[in-house]
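The values are calculated or read from the model by the stated rules, or taken from the named source; none is laboratory data. Being a predicted model, the structure only gives us computed values, none of them experimental. Methodologically, a virtual Cβ is constructed for each residue, glycine included, from the backbone with ideal geometry; neighbour enumeration extends over all protein chains shown.
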Amino acid sequence: MLRYIFRRVLFLIPVLVGVAFCVFLLLYLTPGDPAKMVLGDLATEQAIQEFREKEGLNDPFWIRFGKYVYKAVVKGDIGRSYSSKTPVMKELMAAFPATIKLSGFAMIIAVIIGLPCGIISAIKQYSVFDTITMIFAMIGLSMPVFWLGLLMILLFSVKLRWLPSSGFDTFKAMILPSFALSAQAISMVTRMTRSSMLEVIRADYIRTVRAKGQTERVVIWGHALHNALIPVMTIVGLQFGHLLSGAMLTESIFAVPGLGRLMVTSIMARDYPMVQGAVLFVATAFSVVNLLVDILYAYVDPRIKAQYK
Amino acid sequence: MAELNVTETQLRKQRGPFAEVMHRLSKSPLAMFGLGFIFLLVFCAVFANWLAPYPFAKQNLLHMFELPSAKYWLGTDEFGRDILSRLIFGARVSLQVGFIAVGISLIVGGLLGAFAGFYGGTLDNMIMRVMDVLLAIPQTLLAIAIAAALGPGLYNLMIAVGISAVPNYARIVRGSVLSIRGMEYVEAARAVGSSDLRIILRHIIPNSMAPIIVQSTLGVASAILNAAGLSFIGLGIQPPNPEWGAMLSGGRQYIRDFPHLTLYPGLAIMLTILALNFLGDGLRDALDPKLKR
Amino acid sequence: MSENKNLLLEIKDLTIHYVTESGRVHAVEGLNLELAPGETLGFVGETGAGKTTTALGIMRLLPMPPAKIISGDILFEGESLLSKNESQMRAIRGGKIAMIFQDPMTSLDPVVPVIEQIAEMVELHQKGTKADALKRAGDMLELVGIPRERGVAYPHQFSGGMKQRVVIAIALACDPTLLIADEPTTALDVTIQAQVLELMHELKEKFKTAMIMITHDLGIVAEMCDKVAIMYAGRVVEYGTTAMIYNHRLHPYTEGLFNSLPDLESEQEELKVIHGLMPDPTNLPSGCCFHPRCPYATEDCSKSAPAMAEVAPGHFVACPVRVAELKNN
């Protein structure tokens, strides 16, 4: 088991290097001179050249990339923001907590609402509850998060004046963005749980348990659930990736000072080191979460566990 | 064997595969709604020039922020442009982006996945490692990064959204090809002497279609959603081109006083995604030979 | 049928239908069956004849939205099972009547160690602590030939034959009076089949458990069963002791079944088949279900469904043509 974990962690490294490479490549191919972007149109030719020298923009691609990776791995230095002149890592660390909190809350909401709804829908298939839940799930999946956010602001901030429409410092301020972001995740979790439960309930071994004379409660909430939740776990982990992306748009709407907003402003400002750093950061976080989910999965499903003994 | 009840005429009366799928699809009212809505959108997109009451870029600063009325069925926006007309033209943009982006993903991803699955070995390994790298970045974020690099514009938007979905299609096609390659009916076909090409055409492609079709339908939904999101944050479609996400972004600041600027474009996006999701779900059930439930 | 009042199980005119979108499936029609304590009944028929439906009906494990018990009764130890409530049935399931299913590969919960799955059965029907249950579970494992220490393993770590042994261990853990075995060896290799059957035979003798052995394999029936019921299209068409059926069979379908067995000794150029196909359960033939395929069919056969007639003490046949023939000889 430990060997499996070790191998997976080891494997993460080339993937992240690959991500850095892709981002580097993308920014390299982007038209526009970063020097001009930062220094402005009125900058002198000399100032531009100085800047280019200083930032190593005149070096060939591979040298630039190599230096970047070296500095990142050895010193944890992934550059300096063109806009704010502060180290990228520092800015990321400052913005990170808000995004994690937002994604985290959204995930928790999704699981708390999605799991029970999915389970009950499966048990009472075709009932009124099932139909209504499925309709809501479909709507939740289809609603763009930025529109939902705006609607929620319209209703709860503008019309009802119950909740603030921006910021993330008070508990009240966190409610709207977390719920807006969680909508899609709730829908996914509900649907996946429902379909997984439906499949498990029809399984032969469930029939065996019933033939033992076991109560329906233990059949469903013990045996069926245990088996059904295993694939749902993977989905929950993957949802985290969607939540991170969705957080970007949500943060823009609710003015949450997180990574997403930082990323959007950096893109607009052509602040390459910042964008690079942010994408790398998000990719790392996403990969780590996926790894954790995989490990948890191997732990929880004895069939997989046996493979990696 | 004269006692067998299945006669030739009975066999001939069975529907062809396409008709069979359509028949099964028609049993689901939601899927039919989805199909109908998409046809409506396509109709709007194709005949926008005739359907829309006003040109999408025509500003009328005397009639800004009008509420829905007989003259402007859905009201006007911050430049006095008719929202309904912009929605209709926006359908064209959304469908273009949706289909072309998925087309790109399908062709690039599909080819990569097919090669990986068919030839296996080092080629498979290399291709899938690259896909792993792309998959480490959440899809929307990847689209944003590519769009940021390419710059604004409709075609760049299509490319960005298309490329960001390539790993999904590569995986699905590869999975399909791998599983079918191993199936016994392929072995049986080889055993009777079928050529590789015949096997590919008669067995591999038809049997891999189902998950690809479902993924593509849902993929169009996802592409439209991503495109709207990108336009919302300013990458992608540039004004005055009508794109639903951009319309949302434009109307955002006036939400307190004139919510209808954001209400209708958002509704359009939601209904489109809903329709595509219903259709995709329906297709998934209709194409499933095991006829679940 | 017989007048013996000491019956363990008595099924009277049981009729079960499945009501589906594509029609009403007449799975079981007017089924009559008897089983004495300790007896083994072979329940023979092709796939789709209604055997599993009957078994699930006894256990009241039928999926009740599509399935409907239209009429009839099932008496177990003199009491009607159909009138029991769910809580009473739960006590009976596993405790008095146990069932083992066809496919061992999917019959066990993949995420629970096998010893716990046996222990669950014990805990449901016997008083005692968890430790007691686990001990009993270990005993059962040993009884079916699996070392106790292997109990902590998961189902996927066992072969098909061993999984089926676990299934048997679960079923017999609480010493039921009746064991229903639904094609328990069909999914196994022939050599493993023999082992599992031997085990079942041993345990049956040891615990004096009555058994209903559902199978389509006449060889198994010959080895294991005291009585045989031949089922076709939801009805029992012939019933009697094994000797009667094997040596003095009467019903044309039974005849067809036995004739289709290839004979080692005589020379055969073609396999003998029963002409025609199994009838569509949503659209059964009128009168006697078998008449379209029957070489002895007369006009009356398509008009009225035949009743079971006793041609010899304990030997019942539902074929007036053959019964009449026999009487005339």
(request) Within the stretch C:274-314, track down each residue that is surrounded by fewer than 19 Cβ atoms within 10 Å (Cβ to Cβ) and outside any loop (DSSP other than H, G, I, E, B). (result) C:P292, C:E299, C:D300, C:S302, C:A309, C:E310, C:A312
(request) Would you tally the residues in the stretch A:210-220 being assigned to a helix (DSSP H, G or I), closer than 16 Å to A:I123 by Cβ and either facing another protein chain (nearest Cβ under 7 Å) or in contact (Cβ under 8 Å) with a residue 40 or more places away in the chain (or both)? (result) 2
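Out of B:V130, B:V192, which single residue is surrounded by fewer than 23 Cβ atoms within 10 Å (Cβ to Cβ), more than 18 Å from the chain's Cα centre (by Cα) and within 14 Å of another protein chain (Cβ to nearest Cβ)?
B:V130
Out of B:I199, B:I144, report the one residue that is modelled with pLDDT of 80 or more and buried (at least 16 other Cβ atoms within 10 Å of the Cβ).
Just one listed residue meets the conditions, B:I144.
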(request) Determine which single condition A:A228 fails, assuming it passes every other condition in (1) more than 10 Å from every other protein chain (Cβ to nearest Cβ); (2) modelled with pLDDT of 90 or more; (3) surrounded by fewer than 23 Cβ atoms within 10 Å (Cβ to Cβ). (result) (3)
(request) Mind telling me which of the residues A:S196, A:S165 ends up being touching a residue at least 12 places away in the same chain (Cβ under 8 Å), within 14 Å of chain B (Cβ to nearest Cβ), among the hydroxyl-bearing types (S, T, Y) and more than 16 Å from A:I235 (Cα to Cα)? (result) A:S165
(request) Report whether or not B:F278 is part of a loop (DSSP other than H, G, I, E, B), of a type in the set (F, W, Y) and either touching a helix residue (DSSP H, G or I) at 6+ places or on another chain (Cβ under 9 Å) or at the interface with chain A (Cβ under 10 Å from one of its Cβ atoms) (or both). (result) no
(request) Restricting attention to the stretch A:114-131, report how many residues are part of a helix (DSSP H, G or I) and within 16 Å of A:M192 (Cα to Cα). (result) 12
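Determine which member of the set A:G237, A:G246, A:G241 is facing another protein chain (nearest Cβ under 9 Å), at pLDDT below 85 and in a helix (DSSP H, G or I).
Exactly one residue qualifies, and that residue is A:G241.
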(request) Taking A:V74 as meeting all but one of (1) closer than 25 Å to A:V17 by Cβ; (2) surrounded by 13 or more Cβ atoms within 10 Å (Cβ to Cβ), write down the number of the exception. (result) (2)
(message) Just checking, does the stretch B:59-80 include any residue being of a type in the set (G, A, S), assigned to a loop (DSSP other than H, G, I, E, B) and closer than 21 Å to B:G153 by Cα?
(response) no
(request) Taking A:L141 as the residue in question, decide whether it is touching a helix residue (DSSP H, G or I) at 6+ places or on another chain (Cβ under 8 Å), aliphatic (A, V, I, L, M) and surrounded by 14 or more Cβ atoms within 10 Å (Cβ to Cβ). (result) yes
(message) So the check is Cβ under 9 Å with 6+ separation or different chains; which pairs have a first residue in the stretch C:261-286 that's at positive phi and a second one that's loosely packed, with under 14 Cβ neighbours inside 10 Å?
(response) C:G276/B:E3; C:G276/B:L4; C:G276/B:N5
(message) I'm told A:E251 meets every condition in (1) more than 26 Å from B:G234 (Cβ to Cβ); (2) crowded, with 24+ Cβ neighbours inside 10 Å except one. Can you identify the failing condition by its number?
(response) (1)
(message) Among the residues in the stretch A:170-189, are any surrounded by fewer than 18 Cβ atoms within 10 Å (Cβ to Cβ), touching a Phe, Trp or Tyr at 6+ places or on another chain (Cβ under 7 Å) and more than 14 Å from chain B (Cβ to nearest Cβ)?
(response) no
(message) Between a residue in the stretch C:238-257 that is touching a residue at least 60 places away in the same chain (Cβ under 8 Å) and any residue that is assigned to a helix (DSSP H, G or I) and among the charged types (D, E, K, R), which pairs come within a Cβ distance under 8 Å, given they are 6 or more apart or on different chains?
(response) C:L250/C:R322; C:H251/C:R322; C:P252/C:R322
(request) Being crowded, with 23+ Cβ neighbours inside 10 Å and farther than 16 Å from B:A145 by Cβ is the filter; apply it to the stretch B:233-243 and report the residue that is nearest to the other protein chains (Cβ to nearest Cβ). (result) B:E243
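Quickly run through the stretch B:244-257 and pick out the residues that are assigned to a loop (DSSP other than H, G, I, E, B) and either more than 9 Å from chain A (Cβ to nearest Cβ) or among the hydrophobic types (A, V, I, L, M, F, W, C) (or both).
Within the stretch B:244-257, B:I255, B:D257 meet the criteria.
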(request) Enumerate the strands (runs of 3 or more DSSP E) found wholly within the stretch C:1-118, keeping only those where 2 or more residues are touching a helix residue (DSSP H, G or I) at 6+ places or on another chain (Cβ under 9 Å) and closer than 30 Å to C:M162 by Cβ. (result) C:40-44, C:97-100
(request) Looking for whichever is more than 12 Å from every other protein chain (Cβ to nearest Cβ) and either of a type outside the set (D, E) or assigned to a helix (DSSP H, G or I) (or both) here; the options are A:V158, A:V111. Which one fits? (result) A:V111
(request) Kindly indicate which of B:I100, B:I107, B:I88 is more than 14 Å from chain A (Cβ to nearest Cβ), free of Cβ contacts under 8 Å to residues at least 12 places away in the same chain and assigned to a helix (DSSP H, G or I). (result) B:I107
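Here's the yes/no breakdown for (1) touching a Lys or Arg at 6+ places or on another chain (Cβ under 9 Å); (2) of a type outside the set (A, V, I, L, M); (3) at pLDDT 90 or above:
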site	(1), (2), (3)
C:M213	no, no, yes
C:V228	no, no, yes
C:A233	no, no, no
C:L257	yes, no, no
C:E269	no, yes, no
C:P279	yes, yes, no
C:G287	yes, yes, no
(request) Mind checking which helices (runs of 4 or more DSSP H) fall wholly inside the stretch A:1-66 and carry at least 3 residues that are in contact with a Ser or Thr (Cβ under 8 Å, 6 or more places away or on another chain) and either under 30 Å from A:D301 (Cα atoms) or away from every other protein chain (no Cβ under 14 Å) (or both)? (result) A:2-29
(request) Determine, yes or no, whether B:I224 is among the β-branched types (V, I, T) and crowded, with 24+ Cβ neighbours inside 10 Å. (result) yes
(message) Would you confirm whether or not the stretch C:157-165 contains a residue that is touching a residue at least 12 places away in the same chain (Cβ under 8 Å), of a type outside the set (G, A, S) and not in a helix (DSSP H, G or I)?
(response) yes
(request) Name, by its number, the condition in (1) under 23 Å from A:M248 (Cβ atoms); (2) more than 8 Å from chain A (Cβ to nearest Cβ) that does not hold for B:A228. (result) (2)
(request) Working only within the stretch C:101-121, note down all residues that are in contact (Cβ under 8 Å) with a residue 40 or more places away in the chain, surrounded by fewer than 23 Cβ atoms within 10 Å (Cβ to Cβ) and more than 7 Å from chain A (Cβ to nearest Cβ). (result) C:Q102, C:M105, C:V112, C:P113
